[in-house]
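The values are calculated or read from the model by the stated rules, or taken from the named source; none is laboratory data. For clarity, every value in this text was computed on a predicted model and none was experimentally measured. Note that each Cβ is placed from the backbone with ideal geometry, even for glycine, and that neighbours are counted across all protein chains shown. Please note that ligands, DNA and RNA were not included when accessible areas were found on the heavy atoms of the full protein model with its side chains. Shrake-Rupley method; radii C 1.70, N 1.55, O 1.52, S 1.80 Å.
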Amino acid sequence: MAVHTPSVQPPGHAPTPPADPATRRRANGRARLTAVRFARNRLALFGLVMLLLLFLMAYVSPFFYKWDYTELDFTAFQKPPSASHWFGTDQSGSDLFALTARGMQKSLVIGILTGLICTFVAAAVGASAGYFGSWADRSLMWGVDLLLVMPSFLIIAVLSPAFQGATWLLFVVLLAAFSWMITGRVVRSMTLTLKDREFVKAAKYMGVPAPVIIFRHILPSMASMLIIDGTIQVGAAIIGESSLSYFGFGVQAPDVSLGTIIATGTPAAPSFPWLFYFPAGCLVLICLSIAFIGDGLRDALDPNSAGAKARAPRTSKSAPKSAPQSTSTEGRTS
């Protein structure tokens, strides 16, 4: 006679609940509602479309444009925009449109990578400090306070020449290392309130490990704030990279970024304005597009925000008044 022995799970192992169709439907409905709210925001849609066009200009146009950013046209020095050179040429005969597209590639990649790294580090450090408390909280917050008082721009400017000739990914690490502290403090304060909620206490009681609780239960509860912060960090990183490259501390020759192109064209801007306004205009459009997308995500994920309420469809207030008006008319006719 076969004896059925129930499967015993090892201690500290939380059972994984089966996939609930109702939970999946709620998640899909929440995603659709967020997309509808985002689509109602015209500025957010404009920012999204503009950012896609800038990405196409940076990554697709070099395959179809006849000039490369390394080629020189010895018959056109500082020529204005024309059919042959869409943005004109600089003093060495380089095509400004090809240079701007190449510079946007570097600036966009550096900004996106820096924003992702900043958001991840801020979420991990802030949630760990708030969840564990005690000496872990004190030591992590001491490191955050130390980084906050250090002059980040000056430190990056001093360290950047030491990495000349190395990969530009080190520049991304330097930018990300000094950009996550304020968000980390915000995540810590939110974690202090979330760790006393019932779902976190239930996960602790079931023996779920602390890293799983942090990344599966606590951080998803503040996902809207992290997404918005990520978009803000991308814009700030692009401006920071361009500023450092403008002063010669960022992307080094022979490669280019928007900051190096703007720095090269600034002295000749009064006489040859296209050398400055085209790359500077692309930088402004990138930052504005990311800012509009961030505002749209904030309104879409937080229905109580002022922007979401302003765009909500208004209900007609004349309907309740129509009934008494009709009754009074009937009384007069009778």
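A few remarks follow.
- A Cβ distance below 7 Å, combined with a sequence gap of six or more or placement on separate chains, defines the contacts here; from segment 216-227, residues that are touching a residue at least 24 places away in the same chain (Cβ under 8 Å) reach residues that are among the charged types (D, E, K, R) in the pairs I218/K195; S224/D302.
- Candidates are the residues of segment 288-307 that are open to solvent by less than 50 Å² (accessible area, probe 1.4 Å), over 10 Å from G47 (Cβ atoms) and not aliphatic (A, V, I, L, M); the one that is modelled with the lowest pLDDT is G307.
- Annotation: of all residues in segment 43-96 being in a loop (DSSP other than H, G, I, E, B), open to solvent by less than 80 Å² (accessible area, probe 1.4 Å) and among the aliphatic types (A, V, I, L, M), the one that is nearest to P267 (Cα to Cα) is A76.
- Residue, nearest to L170 (Cα to Cα), within segment 226-249, restricted to residues that are under 11 Å from the mean Cα position of the chain (by Cα) and open to solvent by 50 Å² or more (accessible area, probe 1.4 Å): A236
- Only one of G240, G248 that is closer than 16 Å to W180 by Cβ, at pLDDT below 85 and not acidic (D, E): G240
- Residues (touching a Leu at 6+ places or on another chain (Cβ under 9 Å) and open to solvent by 30 Å² or more (accessible area, probe 1.4 Å)) located in segment 250-266: T264, T266
- Taking segment 124-211 and the helices (runs of 4 or more DSSP H) fully enclosed by it, the elements with 1 or more residues that are charged (D, E, K, R) and loosely packed, with under 13 Cβ neighbours inside 10 Å are at 134-149, 198-205.
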